[in-house]
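Novice: My structure is below; once you've seen it, I'll send some questions.
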Amino acid sequence: MGKEAAGAAFGVIAFLIWGLSPIYWKTLKSVPAFEILMHRMIWSFLFLAPLILLTGKGREFIEVLRDPKRISVLMGTTLLVGCNWFLFVWAINSDHVLQTSLGYYINPLVNVFLGRVFLKEELRPLQKIAVAIAGIAVLFLTFGFGRFPWVSLALAFSFGFYGLIRKTVPVPALIGLATETLLLSVPAAIYLIYLNGAGGGAFYHRGFGISLLLMGTALVTGLPLLLFTIGARRIHLATIGFLQYIAPSCTFLLAVFLYGEPLYPGQIFTFCMIWLALGIYSADAYRAYRRRHALLRPQTSSP
C-alpha cells in the first residue's frame, strides 16, 4: 500500500469512528452527560499521556505546560471543547442525532465565516455563495419550518471557535488535546470522587459493564485523533476536506435508519441545501488546491 493510500485508510477509519460514535454514547444513555464528560476527560488523558511518551514528545509536552501564554490559550480551548463534547453526548442521548449531523455538516462553512470575520480572510466568490446558501437553509428551518437548530449551530460554532483559537497557539494536535484533557482532569477527578463517595456516581455503582464503557471513552476520543494525525501527514489537504464528510454522513444514516428519528420535508430541504453548499465549497477548495499545486510545481525550461 502506497503512502497516499495508507494515509487515506487511516483517515477513513478515524472519520468512521467519529461518525459511528453515537452507537457508543447510546450505550451510556443511563449516565448523565456531564458525568460522562468528566470521565471522558480523565480517561482520555490517561490514554494520551503514554502515547506522548512513546512518540518521544514528552519534552515538548512539558514545554507547553511551562509556557503561561500557551496554557492560558489552551484553557480557553479546553472550555470550548468541553462544551462541545458535553452538548454532543447530551444531544445523542436526548434523541437529537440528526441535529448533531447537521452541525458537523455546517462546521466547514462556519469555519470559512469565522475566518472572514475574525482573521479578515478574503472569501472567493464560490465560498460566499456556499456560506449564503447555508445561511438560507438555517433561516428556512427556523422561520419556514419553525425549528431553530440550536444544537446544530452550537456544535458548529463551538468547534469553529475552538479551531480558530487553536490557530493562535503553535501546539500539535496530540499534545494540545492531552493538555486540554489534563487541565480538566483535576476538577473532574474531584467531582467524580465526591459523586462516588455520595453513592451517586455510575462508575463502580452501575456494574462492571458501565464502568468499562466509561473507561472506554478514552479510546473513542484518543484513537480516532491518533489515526487522523497519522493519516493527515500522508495525504493532501484536499483529500482531508472530502473525508471530513464521512462522519456527519454516518451520523445522518444512524439517525434515520437505526434510531428512527423523523425526517420532515423541511429538514430534508435544509439538508439538501447544506449538501449543495458543501458541494460548491468542496469544488472550490479542490480547484484552489490544484491551482496552488500547479504554481508550486517546478517549471521545466524547454531545450
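Novice: Please report, ordered by residue number, every helix of the chain (full DSSP H runs) that is 15 Å or longer along its axis going by C-alpha atoms and whose mean Kyte-Doolittle hydropathy reaches 0.0.
Specialist: Flagged H segments are 3-26, 33-54, 68-93, 97-118, 125-139, 150-166, 173-197, 217-232, 265-296.
Novice: Same structure, new question: In Å and whole numbers, how far do the C-alpha atoms of the stretch 178-289 stretch along each principal axis, longest first?
Specialist: 57, 40, 22
Novice: For the chain, what is the largest minus smallest coordinate of the Cα atoms on each principal axis, given in angstrom and ordered from greatest to least?
Specialist: 76, 52, 40
Novice: Using only the alpha carbons, work out the radius of gyration and Dmax of the stretch 1-45 in angstrom.
Specialist: Cα-based Rg and Dmax for the stretch 1-45 come out at 14.9, 44 Å.
Novice: Here is a follow-up. Assigning unit charges at the beta carbon (Lys, Arg +1; Asp, Glu -1) and nothing else, what dipole magnitude in debye, to the nearest 20, does the chain show about its Cα centre?
Specialist: 820 debye
Novice: Run the helix sum for the chain: -39,500 (n - 2.57) per DSSP H stretch of 4+ residues, divided by residue count, reported at 222 nm to the nearest 500 deg cm²/dmol.
Specialist: Roughly -25500 deg cm²/dmol at 222 nm, from the helical runs in the chain.
Novice: Take the chain, connect every pair of alpha-carbon atoms lying under 10 Å apart with a spring to form a Gaussian network, then pick out the residue of Ala255, Ala14, Ala285 with the largest mean-square fluctuation.
Specialist: With Cα springs under 10 Å in the chain, the top fluctuation among Ala255, Ala14, Ala285 is at Ala285.
Novice: Is there a pair in Lys69/Lys128; Lys57/Lys167; Lys120/Lys167 whose C-alpha atoms are over 26 Å apart, and which pairs would that be?
Specialist: Beyond 26 Å between Cα atoms: Lys69/Lys128.
Novice: Further, regarding this structure: Using alpha carbons only, how many angstrom separate the centre of the stretch 83-118 from the centre of the stretch 199-259?
Specialist: Comparing the Cα centres of the stretch 83-118 and the stretch 199-259, I get a distance of 15 Å.
Novice: Same structure, new question: Excluding residues on the same chain fewer than 8 positions from Lys29, give the aspartates and glutamates whose Cα lies under 18 Å from its Cα.
Specialist: Partners found: Asp95, Glu261.
Novice: Then there is this: Can you put Met273, Met38, Met75 in order of Cβ neighbours within 10 angstrom, beginning with the fewest?
Specialist: Met75, Met273, Met38
Novice: Give a quick list of trypsin sites (Lys or Arg not before Pro) in the stretch 200-303 that DSSP marks as loop, anything other than H, G, I, E or B, with at most 11 other Cβ atoms within 10 Å.
Specialist: Listed in order of number, the matching sites are Arg233.
Novice: Under the √(5λ) rule applied to the eigenvalues of the Cα gyration tensor, what semi-axes describe the equivalent ellipsoid of the stretch 19-150? Give them in Å, descending.
Specialist: After diagonalising the Cα gyration tensor, the semi-axes are 32, 25, 12 Å.
Rule-based calculations on the coordinates, nothing more; no lab input. These numbers come from a predicted model, not from an experiment. Neighbour counts are summed over all protein chains in view; Cβ atoms, including those assigned to glycine, are modelled from backbone coordinates with ideal geometry.
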